[in-house]
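The values are calculated or read from the model by the stated rules, or taken from the named source; none is laboratory data. From a predicted model like this one, the values you see are computed outputs, not experimental measurements. A quick note on method: Cβ atoms are made from the backbone with ideal geometry, for glycine too, and the neighbour counts reach across all protein chains shown. These area figures cover heavy atoms from the full protein model, side chains too; ligands, DNA and RNA do not enter into them. Shrake-Rupley method; radii C 1.70, N 1.55, O 1.52, S 1.80 Å.
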Amino acid sequence: MTPFDPKAATNAFLAALPVAGHLKAIRYTQGGHWLLLWGWLAVVVICLAVARLGLLPRLKGAIEGRRPRPWLFAFLAALVFLLAEAVLELPWDAYSDWWRNTAYGLTSQPLTGWLTDALLNMAITAFALALFFMALYALMRRAGRTWWLWSGAVAAVFITMGLVLAPVFIEPLFNTYTPAPPGPTRDAVVALAKVAGVPSDKIYIYNGSKQSNRYTANVSGLFGSARVAMSDVMFAKGADIAEVRGVVGHEMGHYKRGHVFFGVVFNSLLVLAALGLTAALFPLVDRWVKTGAASVADPVGLPTLWIVLSTVFFLATPSTNTATRLQESDADAFSLRVAHEPSGLAKGLVKTIEYRADSPSALEEFLFYDHPSVRRRVQRAMDWKAAHLAEAEAQEAADAAAGR
């Protein structure tokens, strides 16, 4: 009997995608790297345009002409600014999010459908962020020069609220979520959930094909709202029980390993650091932007604040990507330990190459990839299979029996 060769198995999985498909994925992925830079530049130019229009000083005069109304002005200034910025950015978003994905066959959504979703998302995001900035400016007024030291706590509250509310109130506005129907696939997922020690009553399938042709699944929510959702694209692309178990085991890993809580802490600390830099750099940058703000605590200066925040988050991309890659690797390892589906996981991963080229350089992966490269992930799965061959083959036999 020929010994199992992990390297050969990895190459065989990757060869399932034709060479033309790999080359197309490389073009799409590397072109996407440039979108980060152009997207940041678009934000800077738009913020400068909003500042030059003088919308916020005029709004302040209208609201606080007779008496101070700091809470109301902070909320409305943030709402007006965020909506104006989003509307001006819409042509760029249409190119980067819709036209480009359409050109590469990664979405079949018509422009009208994309625009409807984009406008709805714009309204929800602007309202939520306006509430955040209203609280942030109140903190500035109360805490004085140390306001930014407390900003991470404000961010943590809003991030947590978003995670709890999104699956219940927001995601259903964009897609239809239905419980996985009775049958072998649901039975396999429920059995896996029990072994993994995660809730088995919230396994959903959603019409992800409405927006995207990408093979994907996700875990969302927090506390009682947490759920695992599989896009219908998975099944349109022929996902079998082994794939479903491997992919859903990965998503369960995010839940079981507490990655959501890590994300709350990490992103809150990132916001704290970004706002700390904003406090220090605001006077210097605002002399260039020319908003006319009295200080960083004046909502008239929101365009300047947004430029500094966008720049910090843009420069922090390698750090945020690294944090996400670590979580993705951990979720893969959890799936392998619990689901025993290295081949199923590998088959699913190969189907993601079309929007994430499989073999980047180490530098490219560090700078731009928020998931480990597919080649690296498949290789790890095959290494696990080689080390646990009996368990993997036993599970393959069980899957074959269940699929009959």
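Give a residue-ordered list of calculated ³J(HN,Hα) values for the stretch 213-219 (Karplus: 6.51 cos²θ - 1.76 cosθ + 1.60, θ = phi - 60°; whole Hz; x for Gly, Pro).
Going residue by residue, I get 9, 7, 6, 7, 8, 7, 10 Hz, with x marking Gly and Pro.
Could you sort 272-284, 24-36 so that the peptide with the highest average Cβ count within 10 Å comes first and the rest follow in order?
Numbers: 272-284: 18.1, 24-36: 15.1.
Most protected by this proxy first, the peptides run 272-284, 24-36.
Quote the relative contact order of the chain in percent (integer), defining contacts as alpha-carbon pairs under 8 Å separated by 6+ residues. Numbers along the way, then the final one.
Numbers: 514 pairs, mean separation 89.9, N = 404.
Averaging sequence separation for qualifying contacts and normalising by length gives 22 percent for the chain.
On full extension of the chain, what length is gained from Ala390 through Ser108, given 0.36 nm per residue of separation minus the C-alpha to C-alpha distance? Walk me through the numbers before you get to the answer.
On the way: separation 282, 0.36 × 282 = 101.52 nm, distance 4.22 nm.
Net length gain for the segment: 97.3 nm.
What is the extension gain from Asp187 to Trp150, computed as 0.36 nm multiplied by their sequence separation minus the C-alpha to C-alpha distance, in nm to one decimal? Display every interim value, and only then the final one.
Details: separation 37, 0.36 × 37 = 13.32 nm, distance 4.67 nm.
Value of the extension gain: 8.6 nm.
Packing-wise, with mean Cβ within 10 Å as the measure, how do 385-397, 337-349 rank, highest first? Walk me through the numbers before you get to the answer.
On the way: 385-397: 15.4, 337-349: 25.2.
Averaged packing, sorted descending, gives the order 337-349, 385-397.
Quote the FRET efficiency, to the nearest 0.05, computed for Ala143 versus Phe4 with a Förster distance R0 of 45 Å and r equal to the Cβ-Cβ distance.
Details: r = 61 Å, r/R0 = 1.35.
After rounding to 0.05, the efficiency reads 0.15.
Can you grab the distance from the C-alpha centre of the stretch 362-391 to the C-alpha centre of the stretch 248-288, Å, no decimals?
26
Taking all protein chains together and a probe of 1.4 Å, list Trp148, Trp306 from the most accessible to the least accessible.
Values: Trp148 80, Trp306 50 Å².
Solvent-accessible surface, decreasing: Trp148, Trp306.
Applying 1/(1 + (r/R0)^6) with R0 = 30 Å to the Cβ-Cβ distance of Phe169 and Leu41, what FRET efficiency is obtained, to the nearest 0.05?
0.30
Looking at the stretch 50-136, which trypsin sites (Lys or Arg not before Pro) are DSSP coil and have at most 10 other C-beta atoms within 10 Å of their C-beta? List each step's numbers first, then the result.
On the way: sites: Arg52, Arg58, Lys60, Arg66, Arg100; in loops: Arg66.
In loop regions of the stretch 50-136 (DSSP not H, G, I, E or B), the sparsely surrounded trypsin sites (Lys or Arg not before Pro) are Arg66.
Please identify the GluC sites (Glu not before Pro) of the stretch 230-328 that satisfy two criteria: DSSP loop assignment and at most 16 other Cβ atoms within 10 Å. Which are they?
Numbers: sites: Glu243, Glu251, Glu328; in loops: none.
Answer by residue number: there is no such site.
Would you compute, from DSSP H runs of 4+ residues alone, the mean residue ellipticity of the chain at 222 nm, taking -39500 (n - 2.57) per run and dividing by the full residue count, rounded to the nearest 500? Intermediate values should be presented prior to the final figure.
Values: 18 runs with 284 residues, N = 404.
Value at 222 nm, helices only, nearest 500: -23000 deg cm²/dmol.
If I compute percent of Cα pairs over 41 Å apart from the structure I just sent, which labelled value in [x] 22; [y] 45; [z] 12 lines up?
Derived directly from the coordinates: [x].
Please sort 127-136, 314-323 by packing, taking for each peptide the average over its residues of neighbouring beta carbons within 10 angstrom, highest first.
Working: 127-136: 19.0, 314-323: 14.7.
Going by the mean number of other Cβ atoms within 10 Å, highest first, we get 127-136, 314-323.
Just the number please: accessible area per residue for the stretch 89-189, 1.4 Å probe, all protein chains included, in Å². The partial results should precede the final answer.
Working: 5410 Å² over 101 residues.
I get 54 Å² per residue for the stretch 89-189.
Using label points projected 7 Å from each Cα along Cα→Cβ, tell me how many nm separate Ala20 and Ala362, to one decimal.
In this crude label model, Ala20 to Ala362 measures out at 3.6 nm.
Label-point separation (nm) for Arg100 and Ser329, each offset 7 Å from Cα along Cα-to-Cβ?
Taking the two extended label points, one gets 2.7 nm.
Of Phe174, Phe169, Phe81, which has the most accessible area with a 1.4 Å probe, and how do the rest follow in descending order?
Numbers: Phe174 35, Phe169 135, Phe81 0 Å².
The most accessible residue leads, giving Phe169, Phe174, Phe81.
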